[in-house]
Amino acid sequence: MKEKIKSLVKEKNAIILAHNYQPPEIQDVADLCGDSLELSIKASRTDAEVIVFCGVHFMAETASILSPQKTVLLPRRDAGCLMADMITAESLANKINTLPPMPIVTYVNSTADVKALSTICCTSANVVKVANSLDAEEMLMTPDRNLAMYTAAQTGKKIHAWDGYCPSHERLLPEDVIAAREAHPEAEFIAHPECRPEIHAMADVITSTSGMIRHAQASKAKSFIVGTEVGLIYPLQKANPDKKFFPASKKMLCKNMKKISIEDIVRSLENMEGEVKVPEDIRVPALSAVERMINL
């Protein structure tokens, strides 16, 4: 099947992207692995005509926003994001009407039509920089309340938080971290900004998935407790074969991130199935919010 994928990639002039949470066998056949936005940016700069995004629906939408001239395929159309589904363009528009004028900062883990109503987008890696770049002491941040609270603590700005969250990160509780520290007392605890504030308070380092990989490479520590979706253990171990990584909790598993199989990739490429195309009336304003972030 892997040879079949190689042949199809060449035949279709395609590039395969895999998010850091994808299963190991998917990451192994991908041309690029990483965070969702960095993958979309890198793919937009290639001459590939087809982007196969092994992730969830909003990630394929972001690739379409940045590469409207390319065909973007999501091998499983039912691979969604529960947090992205916690906000709609209609509900955001209604919320905006209840607030005084202020910037709308939207996490890239959101649908294209929500991005289209936003002032600027952010990632878990650059959210503090984004908030500080705005000439405003008050803003609405969507859709992740934990990311919003983290940003408020780091910037001192007044942030209205949308009441959304990532279920995988929300499952991590202080007692889980305590148990992991007792089992691995020598390990550093690195947490994702999508975790609860009480988890942030317990962490040695708070950073994005790609940030975790970079930190593990630079750190003198030899073992780490990883406070994010369990799929990140694989690329962490691959990048640091001499170090040890332990999940903060095995409950931190996203079923949507595990839906795509090797067979799905083959079928998607063979039949050009699962195309994700953002309409121009949504893509253009969404692109404006994404580019404002990229250009910081």
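Conditions tested, residue by residue: (1) under 18 Å from Pro100 (Cβ atoms); (2) outside the structural domain of Ser91 (by TED's automatic domain parsing); (3) in a strand (DSSP E or B).
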site: Asp113; (1), (2), (3): no, no, no
site: Val130; (1), (2), (3): no, no, no
site: Ala136; (1), (2), (3): yes, no, no
site: Met139; (1), (2), (3): yes, no, yes
site: Ala148; (1), (2), (3): yes, no, no
site: Ala152; (1), (2), (3): yes, no, no
site: Arg181; (1), (2), (3): no, yes, no
site: Phe189; (1), (2), (3): no, yes, yes
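Among the residues of segment 154-175, those identified as part of a helix (DSSP H, G or I) and out of contact with any helix residue (DSSP H, G or I) (no Cβ under 9 Å at 6 or more places or on another chain) are Pro167, Glu175.
Quick check on Met86: is it modelled with pLDDT of 95 or more, within 24 Å of Glu194 (Cα to Cα), touching a Gly at 6+ places or on another chain (Cβ under 6 Å) and not β-branched (Val, Ile, Thr)? Give the derivation first.
Working: modelled with pLDDT of 95 or more: yes; within 24 Å of Glu194 (Cα to Cα): yes; touching a Gly at 6+ places or on another chain (Cβ under 6 Å): yes; not β-branched (Val, Ile, Thr): yes.
The answer is yes for Met86.
This table checks each residue for (1) surrounded by 22 or more Cβ atoms within 10 Å (Cβ to Cβ); (2) of a type in the set (D, E, K, R); (3) in contact with a strand residue (DSSP E or B) (Cβ under 7 Å, 6 or more places away or on another chain).
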{"site": "Ser168", "(1), (2), (3)": "yes, no, no"}
{"site": "Arg181", "(1), (2), (3)": "no, yes, yes"}
{"site": "Ala218", "(1), (2), (3)": "no, no, no"}
{"site": "Phe224", "(1), (2), (3)": "yes, no, yes"}
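Among residues of segment 69-94 that are touching a residue at least 24 places away in the same chain (Cβ under 8 Å) and farther than 21 Å from Ser261 by Cβ, those with a Cβ under 6 angstrom from a residue that is surrounded by 22 or more Cβ atoms within 10 Å (Cβ to Cβ) and among the polar types (S, T, N, Q), sequence gap 6+ or separate chain, pair up as Met83/Asn109; Ala84/Asn109; Ala84/Ser110; Ala84/Thr111; Ile87/Thr142.
Restricting to segment 94-107, count the residues that are within 20 Å of the chain's Cα centre (by Cα) and either buried (at least 23 other Cβ atoms within 10 Å of the Cβ) or among the polar types (S, T, N, Q) (or both). Explain how you work it out, then say what you get.
Pass one, segment 94-107, residues within 20 Å of the chain's Cα centre (by Cα): 104-107.
Still in the list and also either buried (at least 23 other Cβ atoms within 10 Å of the Cβ) or among the polar types (S, T, N, Q) (or both): 105-107.
Count: 3.
A count restricted to segment 49-93 and to residues that are crowded, with 24+ Cβ neighbours inside 10 Å, more than 17 Å from the chain's Cα centre (by Cα) and of a type in the set (Ser, Thr, Tyr) stands at 0.
Inspect all residues belonging to segment 91-111 and state whether any of them is of a type in the set (Gly, Ala, Ser) and either in the same structural domain as Leu8 (by TED's automatic domain parsing) or touching a His at 6+ places or on another chain (Cβ under 8 Å) (or both). Working first, answer last.
As a first pass, look at segment 91-111 and keep what is of a type in the set (Gly, Ala, Ser): 91, 93, 110.
Restricting the remaining residues to those that are either in the same structural domain as Leu8 (by TED's automatic domain parsing) or touching a His at 6+ places or on another chain (Cβ under 8 Å) (or both) gives none.
The answer is no; no qualifying residue exists.
A count restricted to segment 64-111 and to residues that are of a type in the set (A, V, I, L, M, F, W, C), assigned to a loop (DSSP other than H, G, I, E, B) and under 19 Å from Arg145 (Cβ atoms) stands at 7. Residues in segment 15-44 that are in a helix (DSSP H, G or I), farther than 21 Å from Val290 by Cα and out of contact with any Phe, Trp or Tyr (no Cβ under 7 Å at 6 or more places or on another chain): Glu25, Ile26, Asp28, Val29. Among the residues of segment 16-42, what is the count of those that are surrounded by 22 or more Cβ atoms within 10 Å (Cβ to Cβ) and either of a type in the set (Val, Ile, Thr) or within 12 Å of Ile265 (Cα to Cα) (or both)? Residues meeting the conditions: 4. Six or more apart or on different chains, Cβ atoms under 7 Å: show the pairs whose first residue is in segment 266-280 and acidic (Asp, Glu) and whose second is not in a strand (DSSP E or B). Sorted first by the residue in segment 266-280, then by its partner, the pairs are Glu270/Leu8; Glu273/Arg267.
The values are calculated or read from the model by the stated rules, or taken from the named source; none is laboratory data. Everything numeric here is computed off the predicted structure, so don't read it as measured data. Glycine also receives a Cβ, built like all others from the backbone with ideal geometry; neighbour counts cover every protein chain displayed.
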